[in-house]
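Undergrad: Starting off with a structure, shown below.
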Amino acid sequence: MSWLLLAAPATAAEISREPVQDGVDILRVNGTFNDGDDAIFRKLAASVNKAVVVLDSGGGNLLAGLEIGRAIRLSGFATAVSEGSLCASACALTWLAGTPRLMAAGSKLGFHAAYKLINGKASENGAANALVGAYLNQLGLSDRAVVYVTSAPPEGVEWLTAETAAAVGIAFVPVNKAPAVPERRQPLPHDLMSATTAFYAALASADGETAAALVVPEKRGKGPFNEQSIHAFYSAMTKSLKLTGTSLRGADTVRVTYEYTTDRGRVCNGRADVQTVFQYGRTLISRIKALDGC
């Protein structure tokens, strides 16, 4: 399988404020977490007294997610995941900081361990998970909850259920038992080109965390969708990949053409079909099929 690049920076999460009734604001965090998003959130949160932070993200930069979570806890804000929304990896860690935590039926919230590659296989990254463990302790989670979160699989996602949450002591309130959380004003369209561009922008920066957040959750950490393998491959190129063409190939596929030179001097001029799906209110990468062997 081949990976492709665009020479643009990864898109930051969209962070916005919506004043509502009774003195409680809605703070929305939509999209992939990137470096610097925590500073934007803290600046916005400083002007708010009471808020529900509505999260809709596949994850991304771990440190940004932890710092947003710390700002939420210090401010005493609630967190929520709306019906049909996805909150995974770094986003799920942010959600844990809410007081209270709200979760709608039909939403998906899951944990994904930080990891590194050992002999070509994903293995938990002790240093990164130590940071996560310290954060969870700061939030006051039980030992069972800390073990559950930090023991999530490095390949794929551990989805939180009501039964598991009760067993490990992660308390949350179903949305139908809490103040209503407004839905997103306009649903995101199934935008193949934008999703593909954002994915390859992350690859251009050798940013495996951001790239993986744009992949269907069940394939994260696996094979070429492994964050560390993305970083290792693209940070070592002698000539960064240049995208030479894109075109739609049906309702869910983008054909790309490209060229690059690897760290071993191998020159590639190739094509690939990028397959996408529309899940959790967003377009995600589901498969990349190389057509020319590179």
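The values are calculated or read from the model by the stated rules, or taken from the named source; none is laboratory data. No experiment lies behind these values; they were computed from the predicted model shown. Quick reminder, even Gly has a Cβ in these numbers, built from the backbone with ideal geometry, and neighbours come from all protein chains shown.
Undergrad: Applying the selection to region 162-189, what residues are exposed (fewer than 15 other Cβ atoms within 10 Å of the Cβ) and modelled with pLDDT of 80 or more? Walk me through how you get there before you give the answer.
TA: In the first step, residues of region 162-189 are kept if they are exposed (fewer than 15 other Cβ atoms within 10 Å of the Cβ); the result is 162-164, 166-167, 169, 171, 174, 176-177, 179-180, 182-187, 189.
Matches in region 162-189: A162, E163, T164, A166, A167, G169, A171, P174.
Undergrad: Now for a separate question. Can we say Y258 is among the aromatic types (F, W, Y) and within 22 Å of the chain's Cα centre (by Cα)?
TA: no
Undergrad: Return yes or no: is T246 under 25 Å from L86 (Cβ atoms), out of contact with any Phe, Trp or Tyr (no Cβ under 9 Å at 6 or more places or on another chain) and in the same structural domain as P224 (by TED's automatic domain parsing)?
TA: no
Undergrad: Something else now. Working only within region 190-247, note down all residues that are more than 20 Å from R287 (Cβ to Cβ) and of a type in the set (K, R).
TA: The answer is K239, K242.
Undergrad: If you don't mind, another one. Within region 265-276, identify whether any single residue is exposed (fewer than 15 other Cβ atoms within 10 Å of the Cβ) and of a type in the set (A, V, I, L, M, F, W, C), and answer yes or no.
TA: yes
Undergrad: Of A212, A201, which residue is of a type in the set (A, V, I, L, M, F, W, C), buried (at least 22 other Cβ atoms within 10 Å of the Cβ) and under 22 Å from D56 (Cα atoms)?
TA: Selected residue: A212, the only one of A212, A201 that is of a type in the set (A, V, I, L, M, F, W, C), buried (at least 22 other Cβ atoms within 10 Å of the Cβ) and under 22 Å from D56 (Cα atoms).
Undergrad: Would you mind listing the strands (runs of 3 or more DSSP E) fully within region 34-91 where at least 2 residues are free of Cβ contacts under 8 Å to residues at least 40 places away in the same chain and within 16 Å of A13 (Cβ to Cβ)?
TA: The qualifying strands (runs of 3 or more DSSP E) are 78-81.
Undergrad: With respect to the numbered conditions (1) surrounded by fewer than 23 Cβ atoms within 10 Å (Cβ to Cβ); (2) in contact with a strand residue (DSSP E or B) (Cβ under 9 Å, 6 or more places away or on another chain), which one is the sole condition not fulfilled by N61?
TA: Unmet condition: (1).
Undergrad: Would you say F111 is among the aromatic types (F, W, Y), outside the structural domain of E218 (by TED's automatic domain parsing) and either at pLDDT below 90 or under 19 Å from G31 (Cα atoms) (or both)?
TA: Judged against the criteria, F111 is a match.
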